[in-house]
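One structure below.
The values are calculated or read from the model by the stated rules, or taken from the named source; none is laboratory data. Predicted, not measured: the structure shown is a model, and the values here were computed from it. Neighbour counts are summed over all protein chains in view; Cβ atoms, including those assigned to glycine, are modelled from backbone coordinates with ideal geometry.
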Amino acid sequence: MIQVSIFFKKGSFIEMNKVVNIQVDVCLFLPPLVDFLRNLFSRFLGLGSGEKVLDELTLDGVAQYMKSGKCKNILCMVGAGISTSAGIPDFRSPETGLYANLQKYNLPYPEAIFQMDYFKEHPEPFFALAKELYPGQFKPTICHYFMKLLKDKGLLRRCYTQNIDTLERVAGLEADDLIEAHGTFYTSHCFSFSCRKEYNLDWMKEKIFSDDIPKCEKCQSVVKPDIVFFGENLPDRFFTLMKTDFPQCDLLIIMGTSLQVQPFASLVSRVSKSCPRLLINMEKAGQSGIMDFGGGMDFDSDKAYRDVAYISTCDDGCLALADLLGWKVTHCACLWWELLLKYIFIYIVLFTDKITKCCTEKGETKTTAPTPQKDDKTKENLNNRRKIIKKIIQLKEI
Ligand SMILES: [Zn+2]
């Protein structure tokens, strides 16, 4: 481990001249460094230049490639942007992000809530936040269900997610389909290294919602959900499977991530030189630069031959792609039936006394993939209906 001291200047959102000690695990930087060297040598020696497999660098080009039958191993890399439409704040947005709204916890600086040293002394803010953002209170988005569609069609090799909200699992992806790079709430472990007793989601949920600090039944140490804090290693599964998944990948779909966090961001350079890469995001990301460790995205240069940027919300991008793939009709029918059933259900429960539990259970059992629909008016109607349903359910739960 290397001890690094960072001095933040006056004017940043962190308090003036505050010294923050961050433990940096060397292991986190080895994979990107190796990627950098590999890319550097292959460029220098002129090796491994890629073949152009997309007819055009557009979403339609990607759809045509997917329909050609040559694309059988799709990897998805996803970040907070795919869950914002579910109501989960991302971390870094200036006003609406999680870090900008932590004042009530009286933290020395926003990131402290996910730092091991701070958590050891003050676990309370983390568990208060965990209660606020607890998995199960939010529903998957169209983008999550699009990935489930890829799985159902036998095209999804793996989804690498930076999110800890477990919405991929709620949408129907299984543990084997997922690399939860920054950990998960699904399991928890005793904080004591000599104990490490495992606890499940239900146990942790009960503790968090009763406002108890979860303590180990064996040794009374604090129990922490298995999400990766600053200063912790990423799961072994991440490093093991990335070595086999990425060389086999024949389409990389990157959604809702600004590709700024290593070593996750460097994964984009691990696919073959011929593998097309589609970014669906609110802005371009991952482009070549001094710190990209080689193999960065190239959407616009004269040499661009495989990277496509589709600038939109993740949900809209997935809807547009699904539409181009002709996946609209079947799943659209499913979605409308699902919405209709929800409406009927909600109107029934409004006139009964047994409201809250029924609503929650019904909401959580949603497994059908929603759907690809291109028409803007239909999308708007759909979104409005979703908002109404969500509000009604929330009101009833209160
Ligand atoms: Zn213990």
- Query: List the pairs whose first member sits in the range 48-60 and is at positive phi, whose second member is at pLDDT below 90 and surrounded by 15 or more Cβ atoms within 10 Å (Cβ to Cβ), and whose Cβ atoms are under 6 Å apart, counting only residues at least 6 apart or on separate chains?
  - Reply: Gly48/Ser42
- Enumerate the helices (runs of 4 or more DSSP H) found wholly within the range 135-212, keeping only those where 3 or more residues are within 16 Å of the ligand (Cβ to nearest atom) and closer than 17 Å to Asn73 by Cβ. none
- Selection count, the range 276-300, where residues are surrounded by 22 or more Cβ atoms within 10 Å (Cβ to Cβ) and either at pLDDT 95 or above or in a strand (DSSP E or B) (or both): 7
- Task: Kindly indicate whether Asp226 is within 16 Å of the ligand (Cβ to nearest atom) and assigned to a strand (DSSP E or B).
- Result: yes
- Item | Index of the failed condition, Asp55 passing every other in (1) surrounded by 13 or more Cβ atoms within 10 Å (Cβ to Cβ); (2) modelled with pLDDT of 65 or more | (1)
- Task: Read through the list (1) within 16 Å of the ligand (Cβ to nearest atom); (2) modelled with pLDDT of 95 or more; (3) in contact with a strand residue (DSSP E or B) (Cβ under 6 Å, 6 or more places away or on another chain), then give the number of the only condition that Cys219 fails.
- Result: (3)
